[in-house]
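Undergrad: Encoded as structure tokens, here's the structure I'll be asking about.
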């Protein structure tokens, strides 16, 4: 469904843009219909930048991103609108998606104006209420309210409901449940699992290893803009090959033990040398030493 092929992103920084800052370096992966692919890495590793390039919110420096065989970078006008009809994103900070001077459910109204102009009022209200119920929201508690009257978790769930109204084919979920409480978090994860079963492809961007392990079939470990390990989630988590992956897993807090800096952390180098991926097993790739 989605193919990211040797994609890189470099930002120009400095007073006159004379300095380059590489954010993503030669990243390639694919996501099939009905598959959840977790993209895991620390802050600044390039995870969100990849999501923004898929959604056309940031231009690609080099490489291509294609959706159903069409180059996303070449879409304009109606073709781009059609792309957004099938591909949407939900991000970590829900407040940035709302205009504080309008009621929060305006995000549904704008969606209706763009894609569902011919739907009768009663049917549209029923669709909105059904989408809200699927993310554990009561319509009378959130509709007609301004963003400042709702919690971050409520606003986030409204954005998820908005994506569900479109009946999309692909979702970029960028830390989308980080602002939700634990009980709602598992509900949303299970909802994503149901949507996956219906054929929704999901790029699940997170820094939380447990969430990635819970929801995804395949996992990519990203470090400093490069893929250092990629493969089936069970294999990556069960038998990590790269020192960075080993360090991440060793750093997960445990209830009955204290964290200790292990050999994996000591083995990590600070150099930025090219590290091509090599296949170590079926569908398991790791950066060469």
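The values are calculated or read from the model by the stated rules, or taken from the named source; none is laboratory data. Everything numeric in this text was worked out from a predicted model, so none of it was measured. Glycine also receives a Cβ, built like all others from the backbone with ideal geometry; neighbour counts cover every protein chain displayed.
Undergrad: For the stretch 68-83, which residues satisfy the criterion of being part of a helix (DSSP H, G or I) and touching a residue at least 24 places away in the same chain (Cβ under 8 Å)?
TA: We begin by selecting, within the stretch 68-83, every residue part of a helix (DSSP H, G or I); these are 72-74, 77-83.
Matches in the stretch 68-83: 80, 81, 83.
Undergrad: Please verify whether the stretch 156-179 includes one or more residues that are over 28 Å from residue 1 (Cβ atoms) and touching a helix residue (DSSP H, G or I) at 6+ places or on another chain (Cβ under 8 Å).
TA: No, because not a single residue in the stretch 156-179 is over 28 Å from residue 1 (Cβ atoms) and touching a helix residue (DSSP H, G or I) at 6+ places or on another chain (Cβ under 8 Å).
Undergrad: Given 178, 151, which one is without any contact (Cβ under 8 Å) to a residue 60 or more places away in the chain, surrounded by fewer than 18 Cβ atoms within 10 Å (Cβ to Cβ) and at negative phi?
TA: Going through 178, 151 in turn, just one is without any contact (Cβ under 8 Å) to a residue 60 or more places away in the chain, surrounded by fewer than 18 Cβ atoms within 10 Å (Cβ to Cβ) and at negative phi: 151.
Undergrad: Quick one: which of 58, 38 is part of a strand (DSSP E or B), in contact (Cβ under 8 Å) with a residue 40 or more places away in the chain and either within 25 Å of residue 153 (Cβ to Cβ) or in contact with a strand residue (DSSP E or B) (Cβ under 8 Å, 6 or more places away or on another chain) (or both)? Show your work before the answer.
TA: Values: 58 fails: part of a strand (DSSP E or B).
Residue meeting the stated conditions: 38.
Undergrad: Right, another one. Of the numbered conditions (1) at pLDDT 90 or above; (2) part of a loop (DSSP other than H, G, I, E, B); (3) touching a strand residue (DSSP E or B) at 6+ places or on another chain (Cβ under 6 Å), residue 176 satisfies every one except a single condition; which is it?
TA: (1)
Undergrad: Please verify whether the stretch 117-130 includes one or more residues that are under 20 Å from residue 52 (Cβ atoms) and free of Cβ contacts under 8 Å to residues at least 12 places away in the same chain.
TA: no
Undergrad: Mind listing just one residue for me: the one in the stretch 138-167 that is modelled with pLDDT under 90 and in a loop (DSSP other than H, G, I, E, B) and, of those, nearest to residue 212 (Cα to Cα)?
TA: 167
Undergrad: What's the number of the only condition in (1) at pLDDT 90 or above; (2) crowded, with 19+ Cβ neighbours inside 10 Å; (3) closer than 29 Å to residue 196 by Cα that residue 248 fails to meet?
TA: Going through the list (1) at pLDDT 90 or above; (2) crowded, with 19+ Cβ neighbours inside 10 Å; (3) closer than 29 Å to residue 196 by Cα, residue 248 breaks only (1).
Undergrad: Same structure, new question: Which of the residues belonging to the stretch 87-104 are in contact (Cβ under 8 Å) with a residue 40 or more places away in the chain and not in a loop (DSSP other than H, G, I, E, B)?
TA: Listed by number, the residues that qualify are 87, 88, 89, 90, 94, 95, 97.
Undergrad: Could I ask something else about it? Kindly establish whether residue 70 is touching a strand residue (DSSP E or B) at 6+ places or on another chain (Cβ under 9 Å) and surrounded by fewer than 17 Cβ atoms within 10 Å (Cβ to Cβ).
TA: Against the criterion (touching a strand residue (DSSP E or B) at 6+ places or on another chain (Cβ under 9 Å) and surrounded by fewer than 17 Cβ atoms within 10 Å (Cβ to Cβ)), residue 70 does not qualify.
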